[in-house]
1. Going residue by residue through region A:81-101, is there one that turns out to be outside any helix (DSSP H, G or I), more than 14 Å from chain B (Cβ to nearest Cβ) and out of contact with any strand residue (DSSP E or B) (no Cβ under 8 Å at 6 or more places or on another chain)?
2. Counting just the residues of region B:3-30 that are modelled with pLDDT of 90 or more and part of a loop (DSSP other than H, G, I, E, B), which one comes out farthest from the other protein chains (Cβ to nearest Cβ)?
3. Pairs only if they're at least six apart or on different chains, beta carbon under 9 angstrom, first in region A:53-79 and more than 19 Å from A:LEU34 (Cβ to Cβ) and touching a residue at least 40 places away in the same chain (Cβ under 8 Å), second assigned to a strand (DSSP E or B) and not small (Gly, Ala, Ser); list them, first residue then second.
4. Residues in region B:125-134: is at least one more than 17 Å from the chain's Cα centre (by Cα), surrounded by fewer than 16 Cβ atoms within 10 Å (Cβ to Cβ) and at pLDDT 85 or above?
5. Which of (1) within 14 Å of chain A (Cβ to nearest Cβ); (2) farther than 26 Å from B:VAL16 by Cβ; (3) at pLDDT 80 or above does B:ASP101 not meet, given it meets every other one?
6. Which numbered condition in (1) more than 10 Å from every other protein chain (Cβ to nearest Cβ); (2) more than 17 Å from B:GLU129 (Cα to Cα); (3) within 14 Å of the chain's Cα centre (by Cα); (4) of a type outside the set (S, T, N, Q) is the only one that B:TRP33 fails?
7. Pull up region B:147-161, narrow it to residues that are within 11 Å of another protein chain (Cβ to nearest Cβ) and under 19 Å from the mean Cα position of the chain (by Cα), then point me to the one that is modelled with the lowest pLDDT.
8. Looking at region B:116-143 only, could you name the residues that are part of a helix (DSSP H, G or I) and within 14 Å of chain A (Cβ to nearest Cβ)?
Amino acid sequence: MNMSLNHLASPDDASTLSRLRDRLGLEAEAEGLLDIAYTTIDSPVGTLLLAATPRGLLRVAYDTEDHDRVLDTLAGRISPRVLRAPRRLDAAARELDEYFGGRRRVFDLPLDLSLSAGFRQLVQRHLPEIGYGQTRTYGQVAELVGNPRAVRAVGTACATNPLPVVVPCHRVLRADGAVGGYIGGSDVKKALLRLEAAA
Amino acid sequence: MKQPFEKVVEQNGGAVLRVCRVILGAHDAEDAWSETFLAAMRAYPDLPDDANAEAWLVTIARRKAIDVLRARKRHPTPVGEIPEASGVAPSLGVPGAEDGDLWQAVAALPAKQRQAVAYHYVAGLAYAEIAEILGGTSDAARRAAADGVKNLRKNYPGAAREGAPS
């Protein structure tokens, strides 16, 4: 007698487990246990990871950032109570879809900025003031936040933006007109600028 | 650092489901599975980083399943669920045996023996826990499991080559 549990797998396990996992997401949400809900969506700039706390959208991550690593970081920094539970991300997914379809210019989502602090968070709070289709230089953003000498720090704040696309760090360029770096790569930054220029 | 709870569900959801099914049968197993993972998610931030997540979850699952049995005061039919699973079970650890045969032999045991065998050898319950479910004493549960194994050895000779865990 050596009956192992692994030998009792049944063919309907996969669908049963998928149903149970959906149910767990809903019940965890109802019981206030779901500290971080996430989902992934397809976009013209690759698969995007969206993660939210009960307070708001916490993280948007490009494929190139490695979604598993991003989730590990969120588990370590915010809470390990993390589940794939798309419902909390429905509004964000819809607005991003509209944005990539050229039908949305402003995001209207509650944000949770707890992944950044201090000057970086200050910069990220001001970035949405740069309107759709417009651009600013790092120096202009430094002036915008009342610290005109902090050009490099503005660059760092843009580079560490936890909410790319939604918080439009892609609208900040170098003073010489070059697009500058971007968390999703400079090609993605150019693609977003082209999208906004065309609409 | 602790991994996201989603990974814990992904890696252990199947094992927990099988424990719950063996103890409760297919339908009630799903409630026990949900309660197990909700309780685990609540406690997860306090679980030591180096803890064995599967052992931890299976322990919670057994307790939840026993709670369900107690609360509903009805008798489980554990092994009745298993024959449909046997078609895909690659092996039950019995060399050269067709799994279906073993499950048929298990299913043919008298109810108490069948339950004691399934709870102890498949779900990993202690005899004291089995006694709670079946009624009677731990010794009676141990005897029922031993009689079940003896019967299996008689009706299913392949099983005799493997030592039974105590």
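1. For region A:81-101, residues outside any helix (DSSP H, G or I), more than 14 Å from chain B (Cβ to nearest Cβ) and out of contact with any strand residue (DSSP E or B) (no Cβ under 8 Å at 6 or more places or on another chain): present.
2. B:GLN3
3. Qualifying pairs under 9 Å: A:TYR62/A:LEU48; A:TYR62/A:LEU49; A:GLU65/A:LEU49.
4. First pass over region B:125-134, keeping only residues more than 17 Å from the chain's Cα centre (by Cα): none.
Checked region B:125-134: no residue is more than 17 Å from the chain's Cα centre (by Cα), surrounded by fewer than 16 Cβ atoms within 10 Å (Cβ to Cβ) and at pLDDT 85 or above.
5. All conditions are met except number (3).
6. (1)
7. Only one residue fits best here, namely B:ALA159.
8. Within region B:116-143, the subset part of a helix (DSSP H, G or I) is B:116-122, B:127-134, B:138-143.
Within region B:116-143, B:ALA116, B:VAL117, B:ALA118, B:TYR119, B:HIS120, B:TYR121, B:VAL122 meet the criteria.
The values are calculated or read from the model by the stated rules, or taken from the named source; none is laboratory data. These numbers come from a predicted model, not from an experiment. When we count neighbours, we look across all protein chains shown, and the Cβ atoms used for this are built from the backbone with ideal geometry, even at glycine.
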